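Below you'll find the structure, written out as structure tokens, and then a few comments.
The values are calculated or read from the model by the stated rules, or taken from the named source; none is laboratory data. These figures come from a predicted structure and were not determined experimentally. Because the Cβ atoms are built from the backbone with ideal geometry, glycine has one as well, and the counts that use them run over all protein chains shown. To get the accessible areas, we keep the full protein, side chains included, count just its heavy atoms, and leave off ligands, DNA and RNA. Shrake-Rupley method; radii C 1.70, N 1.55, O 1.52, S 1.80 Å.
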Amino acid sequence: MAKTEHPTCPAGFKTSIGGQAIIEGVMMKGPKKTVMSVRKPDGSIVQEGWDNPPRRWYQKVPLVRGIASFILSLTDGYKCLMRSAELATDGIEDENPSKFDKWLEEKFGDKLVKAVGYISMVLGLCIAALLFMYLPAQIVTLLRGLAPDAPRWALSLGEGVIKLGIFIGYMALVSLMPDMRRMFAYHGSEHKTIACFEAGEELTVENVRKHTRFHPRCGTSFLFLVLFISIVLSTVVTWDSLALRVALKVLMLPLTMAIAYELIRLAGRYDNLFTRIVSWPGLQVQRLTTKEPDDSMIEVAIASMKAVLPENREDAVWGQ
């Protein structure tokens, strides 16, 4: 049996440590610090880390903390993603840059990259709203003519089925892209490393490799819950006006995310029949958003995990 890495923590405990796959790397957020590790083109691993700011009141209040957590995760994740792109391409030069590329680099430099990144994020949010709020409702509105007397719940159910179909189809298509498959493999290494730690085993490539790449406290599961809860809540929203329905669903989005966060929190902290039922759909979707990593990816995830572990390992146990 492998030597235990944290003898004061019982095997099978739940940890509050979470992470995110980034470009050629993994970011881990521990109780006191956050660290991102990235594999550079020369094969070395570079790390950058920072201390976590003190938790504010809105990060502790039920429901409110879900909205705050989503915003913080989105902003921090975006920053790590952009920074990892810089680190992962450090030393790689374009051998034949065009005059226009040279001009952009001289005039704007890193400012242009950041501007493009922020524009891409805003466009991404707009496209998400179009795909998951407007388009399903528009399709159901067009089909409503075939069944004008259909009850509100049936219309909302049809809208939900379309919404889930778009979500799963989008994930399936994205997973076919080589670059995204590689990031999804890093996603798998993040989950497997956390699972190894929660099993009370030493953090080695051999030990991490044998653990599951699926984890109940995952962003994929959170997104699925957001979609599912939105289906339930939307049954009370009017179908008399498409514009009004979309606007009301946008206004209900913070409540939807707050409820989803509390459910994910329960699923990550406890293992019982209720949490297994809540987790099961999201775990199945993770078959698309996580892939089995190679040993070099596992090494990166382990590097990030070890860097965020507190001196007293019990501080990493959820509830301690």
> Before we move on, is Asp76 touching a strand residue (DSSP E or B) at 6+ places or on another chain (Cβ under 9 Å), open to solvent by 80 Å² or more (accessible area, probe 1.4 Å) and not small (Gly, Ala, Ser)?
Replying inline: no
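This table checks each residue for (1) modelled with pLDDT of 95 or more; (2) surrounded by fewer than 19 Cβ atoms within 10 Å (Cβ to Cβ); (3) part of a loop (DSSP other than H, G, I, E, B); (4) in contact with a Gly (Cβ under 7 Å, 6 or more places away or on another chain).
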residue	(1), (2), (3), (4)
Val250	no, yes, no, no
Ala267	no, no, no, no
Asp271	no, yes, yes, no
Arg276	no, yes, no, no
Ser279	no, no, no, no
Glu292	yes, yes, yes, yes
Ile298	yes, no, no, no
Ala301	yes, no, no, no
Pro310	no, yes, yes, yes
>> Out of Gly19, Gly49, Gly66, I need the residue that is at pLDDT 90 or above, under 30 Å from Glu262 (Cβ atoms) and assigned to a helix (DSSP H, G or I). Which one?
In response: Gly66
> Among (1) crowded, with 16+ Cβ neighbours inside 10 Å; (2) in a helix (DSSP H, G or I); (3) of a type in the set (A, V, I, L, M), where does Leu203 come up short?
Replying inline: (2)
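Restricting the search to the range 122-176, which residues are outside any helix (DSSP H, G or I) and touching a residue at least 12 places away in the same chain (Cβ under 8 Å)? Even if it seems obvious, please write down each step before you answer.
First pass over the range 122-176, keeping only residues outside any helix (DSSP H, G or I): 147-151, 175-176.
Answer for the range 122-176, where residues must be outside any helix (DSSP H, G or I) and touching a residue at least 12 places away in the same chain (Cβ under 8 Å): just Ser175.
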>> List the residue pairs whose Cβ atoms are under 9 Å apart, where the first residue sits in the range 42-55 and is closer than 19 Å to Ile302 by Cβ, the second is open to solvent by 70 Å² or more (accessible area, probe 1.4 Å) and in a strand (DSSP E or B), and the two are 6 or more positions apart or on different chains.
In response: Gly49/Lys33
> Restricted to the range 222-248, and to residues that are over 14 Å from Gly282 (Cβ atoms) and touching a Phe, Trp or Tyr at 6+ places or on another chain (Cβ under 9 Å), which residue is least open to solvent (accessible area, probe 1.4 Å)?
Replying inline: Arg245
> Which residues, counting only those in the range 206-221, are modelled with pLDDT of 95 or more, open to solvent by 20 Å² or more (accessible area, probe 1.4 Å) and either in a helix (DSSP H, G or I) or over 24 Å from Val317 (Cβ atoms) (or both)?
Replying inline: Glu206, Arg209
> Does the range 25-65 hold any residues that are open to solvent by 60 Å² or more (accessible area, probe 1.4 Å) and of a type in the set (A, V, I, L, M, F, W, C), and which are they?
Replying inline: Ile45, Trp50, Trp57, Leu63
